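**Q** Below is one structure. I have some questions about it.
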Amino acid sequence: MAGRPAVPPLGVKPLALLAFLALEHGPHSRERLAALLWGEHPDAAARASLRQAVMQLRDALGDTLRVTRDAVELAGPVDCDVHAFLRAAAEDPQAASAFDVPRFLTDLSVRHSPAFDEWASAKREELLRRYREILAARAREAMGRWQWRDAATDAARWLAWEPLADEAARLLVEARYLAGDRTGALACFAEFRDRLQAETGGTPSRALVQLARKIETHQGARPTRPITDEWYTWAPAFEAGLVGRTADLEILKKAWRGVQRGSGRVVLIEGEAGVGKTRLADEFLRWTLAEAGTVLRAHGYDARAGVPYGPVVEVLRDALEAPGLAGTDPQWLAEVARLLPEIRQRFPGLPEITPPPAPAEAWRLFEAVAQLLLAVAAEQPIAVAFDDLHWCDGDSCNLLHFLTRRLEDAPVLWCATLTLGELRREAPATRLCRALRVKARAAVITLGPLGEQEIWRMIREMGHVSAPTGGRRLAARLHEVTGGNPFYVIELLKTLFARGWLTTDAASGEWLVGPTPTGTADIAMSLSVHDAIAERIESLPPDLHDVLLTIAVADAGCWASVLSHVHGISRLRAATLADELAERRLVKEEEGVYRCAHPVIARVVRGGLTTSRRHELHRAIAVTLDHLAAEGGQAAPPSEIARHAEAGGERGLAYRQSRRASDAARQRYAYEEALAWLDLAAAMAVGPEESDAVNRLTAEILGMAGWREVPASVRRPEPGHREIEQQDLDLPVHS
Ligand SMILES: Nc1ncnc2c1ncn2[C@@H]1O[C@H](COP(=O)(O)OP(=O)(O)O)[C@@H](O)[C@H]1O
Ligand SMILES: [Mg+2]
């Protein structure tokens, strides 16, 4: 039993005596021991009782108990939990934390021995303190290793034994948040705050309050709705804690430390699709947020839906919520409003700026963005994240390059994920990456596949696997088939569930082998990732399948209203279908916009389309977007409408919208982009009038975009203008 030496049964007092001797080294005088245990008795009786107890112990322990006329001492070690715990505490905190310390000495209460009780409770308190220190150290250490779930477990245990410890609460809140459990984190905070208030009338530390506020304002992904039918209803979430990547996170963390010291940093995260770039960036960004950083993020999309500076606009939109924004000079804010008209709603008094901008003023827009970011960074360091940089448009790349240089001495971390294989040699992002790589304060993280052990860890965690070697063979097999690409691993697992090869135990969530592993053996494991996804898409009910196609073709995301128009269903029905796709993890939803859950999924879905079906979908999306914009509702950028209209063969619409896209680009000094849209307009123009208009605009913008008139002051006389002079006649003179 906890705290008791392993000896034959003893009476309460001899046992108490033994516990005291075991935990307090050295000889103890008989008077002291008698007073400790029989203090209420007359001296003679107390001494007699002690003598008896000592004799009992001698019988049980033999020579280990050293007894003299005046003193008693435990000479050798006795095997007891407390000693084992203290030993482990010094050598192996991992093992020490497994002891049930809170129970130590609890069953050693001795009646009528207040002195002993006092000693026992002081001893117990001392052991508990040691135990809390160990839990605290473990929680901190797990945080340091980015093992959020472990950290949360240890912090929760610590808090259970020290319910008012601010640091324990802070670690718990932070770890749960970082592990992706925003709601749980906030609930822990509220519980701690209320407890503190009720018990001490105090409030949590400033650091903890600030952390909670951060978490509150950071909108995490919406919790998915309860699931109702089919395989995915009993399939797990397929979300494992981050495995591996500790060294990579360290690189990011180091860059962030540099940023906190006040200088700009660049980190490029490279790797193939599905290897975990976005996930790594997400984990890191969540951490920076908890570290009092401002996080601004943007995404590139496969099908260049380009609004010029699209990703930069996304970054600026995030900055609308950032502290420090109001510190930007109104002139610059007005300039930024060219990219982000919403800014005028935030700051209604902004000065008007005169359209159309003169080309010589183009630098103002770049500088305005820089000024805005500088103001935000003055408040607290920023992490700017570009996901899938390889799909960023040329104008964004130029602006980005400018910003990384302009903000070199500001606390800004530029973090971009990209897949080099997606890049054409001459793509703007290729050049940008080349330029970024050689920067003095740049780091490149090349993400490789996960190892077999890491995949095993993922499976064990997702599958709540209890048997010590359970899932090892599956992990080895998955590793072999997928080459260690986590996205591919997860997709294959989904297929195994979809086929009924795997299932989950309803009570424990543990993965089990399905009851009827039907079908042709082994096929699933030889599927390519493409086939694994395609198979599940094919088996979707028709209405879900159709909605998924539209979402994939829309690529940059679409609202329920678009789905409703394209499919001729109510908005509610459209949202329900899209949500069902989200439950199947084929689609994700952010702020009312639906997209494929991963670019690879989008590609597989689009790959399965016939040309005519694709054509038809582009057309339907274009017409819908145009209609919605005309209605004054949600307005897609003209460029997006133009792109779909072109792909859907809607000539007139493509012409109109590409001209508007060109105008919009020109407003933003994005002359290359403006010209590119005019190229489309030229191709779509019908009749000489439309062609003429496009040609004239092209000439105008070409003039802005670099063709310069040579100033009069440096104009040379035109050739053939100088008169022929006598000295030019260098021939023999006639005599
Ligand atoms: N180290 C990891 N540990 C656990 N899961 C991971 C890890 N890396 C990636 N994943 C999971 O694999 C899937 C694909 O990762 P993602 O970051 O989207 O890939 P990428 O951005 O490189 O295409 C996601 O579901 C992600 O959560
Ligand atoms: Mg990604």
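A short reminder: the numbers here are calculations on the coordinates, not readings from a lab. Because the structure is predicted, anything quoted here is derived from the model rather than measured. Positions of Cβ are backbone-derived with ideal geometry, glycine not excepted, and every protein chain shown enters the neighbour counts.
**Q** Cα centroid distance between the stretch 56-128 and the stretch 306-343, in Å?
**A** 66 Å
**Q** Restricting to the chain, compute how many DSSP beta bridges are antiparallel as a %, nearest 5.
**A** Working: 14 of 36 bridges.
Of the beta bridges lying entirely in the chain, close to 40 percent run antiparallel.
**Q** May I pose another question? Take the alpha carbon gyration tensor of the stretch 129-218, find the square roots of its eigenvalues, order them as a ≥ b ≥ c, and report rounded if a/c is under 1.5; if not, report prolate when a/b exceeds b/c, else oblate.
**A** oblate
**Q** Give the cross-link partners of residue 439 among the aspartates and glutamates, using a straight C-alpha distance below 18 Å as the criterion and excluding same-chain residues fewer than 8 apart.
**A** Leaving aside aspartates and glutamates fewer than 8 places away in the same chain, those within reach of residue 439 are 270, 408, 409.
**Q** Considering all projection directions equally, how large on average is the shadow of the alpha-carbon convex hull of the chain, in square nanometres? Display every interim value, and only then the final one.
**A** Numbers: hull surface 211.2 nm².
Result: a mean projected hull area of 52.8 nm².
**Q** Is the stretch 591-647 best put as rounded, prolate or oblate by its Cα gyration tensor, with a ≥ b ≥ c the root eigenvalues, rounded for a/c under 1.5, and otherwise prolate when a/b is larger than b/c, oblate when not? Before the final figure, lay out each step's value.
**A** Values: a/c = 2.65, a/b = 1.40, b/c = 1.89.
Because a/c hits 1.5 or more and a/b fails to exceed b/c, the stretch 591-647 counts as oblate.
**Q** OK, next. Cut-off is 10 Å between beta-carbons; in what order do 309, 488 appear when sorted fewest neighbours first?
**A** On the way: 309 29, 488 25.
In order of increasing Cβ crowding within 10 Å: 488, 309.
**Q** Taking a virtual spin label 7 Å from the Cα of residue 209 along the C-beta vector, which residues in the stretch 316-344 bring their backbone nitrogen under 20 Å of it?
**A** Residues 323-324 fall inside that zone.
**Q** Moving on to the next point. Please report the spacing between the Cα centers of the stretch 601-631 and the stretch 384-410 in Å, no decimals.
**A** Comparing the Cα centres of the stretch 601-631 and the stretch 384-410, I get a distance of 30 Å.
**Q** While we're on this one: Per residue of the stretch 465-472, in order, report the coupling 6.51 cos²θ - 1.76 cosθ + 1.60 (Karplus, θ = phi - 60°) as ³J(HN,Hα) in whole Hz, putting x for Gly and Pro.
**A** Those phi angles translate into 6, 9, 5, x, 10, x, x, 5 Hz.
**Q** Under unit Cβ charges (Lys, Arg +1; Asp, Glu -1), what dipole magnitude, rounded to 20 debye, does the stretch 172-214 have relative to its Cα centre? Present the calculation step by step, with values, prior to reporting the outcome.
**A** Details: 7 positive and 5 negative charges, 42 e Å.
Charge dipole, the stretch 172-214, about its Cα centre: 200 debye, nearest 20.
**Q** Please order 161, 38, 332 by the number of other Cβ within 10 Å, starting at the fewest.
**A** Numbers: 161 15, 38 23, 332 20.
So the ranking, lowest neighbour count to highest, is 161, 332, 38.
**Q** If you don't mind, another one. Specify whether the C-alpha gyration tensor of the stretch 536-580 places it in the rounded, prolate or oblate class, a ≥ b ≥ c being the square roots of the eigenvalues: rounded for a/c under 1.5, otherwise prolate if a/b is larger than b/c and oblate if not.
**A** Details: a/c = 1.89, a/b = 1.26, b/c = 1.51.
The shape class here is oblate.
**Q** Specify which residue in the list 596, 28, 699 is farthest towards the positive end of the charge dipole of the chain, using unit charges on the beta carbon of Lys, Arg (+1) and Asp, Glu (-1), about the Cα centre.
**A** It is 28.
**Q** Any chance you could give the angle, 0 to 90 degrees and rounded to 10, that helix 428-437 forms with the longest Cα principal axis of the chain?
**A** It is inclined by approximately 50 degrees.
**Q** To the nearest 10 degrees, how steeply does helix 394-406 sit against the main Cα axis of the chain, on a 0 to 90 scale?
**A** That works out to roughly 60 degrees.
**Q** Moving on. Work out, step by step, the length gained on full extension between residue 731 and residue 254: first 0.36 nm times the residue separation, then minus their alpha carbon distance; give nm to one decimal. Could the numbers behind the result be given before it?
**A** Numbers: separation 477, 0.36 × 477 = 171.72 nm, distance 7.86 nm.
Computed gain between residue 731 and residue 254 is 163.9 nm.
**Q** Another question, then. Size of the dipole of the chain about the Cα centre, Lys and Arg at +1 and Asp and Glu at -1 on the beta carbon, nothing else charged, in debye to 20? Let's see the in-between values first.
**A** Details: 88 positive and 100 negative charges, 299 e Å.
Taking the Cα centre of the chain as origin, the dipole is about 1440 debye.
**Q** Moving on to the next point. Considering amide H positions built from the backbone, and no H for Pro or chain starts, which residues 5 or more places from residue 559, or on another chain, come under 5 Å of its amide H?
**A** Under 5 Å from the amide H of residue 559: 594.
**Q** Additional query: Of the options 475, 414, 363, report the single residue whose Cα projects farthest towards the positive end of the charge dipole of the stretch 350-498 (beta-carbon charges: Lys, Arg +1; Asp, Glu -1).
**A** 475
**Q** Please list, or write none, the lysines whose alpha carbon is within less than 30 Å of the alpha carbon of residue 494, excluding same-chain residues fewer than 8 places away.
**A** 277, 588
**Q** To continue, here is another question. Report, in degrees rounded to the nearest 10, the 0 to 90 angle that the Cα long axis of helix 277-290 makes with the longest principal axis of the chain.
**A** Roughly 70 degrees between the two axes.
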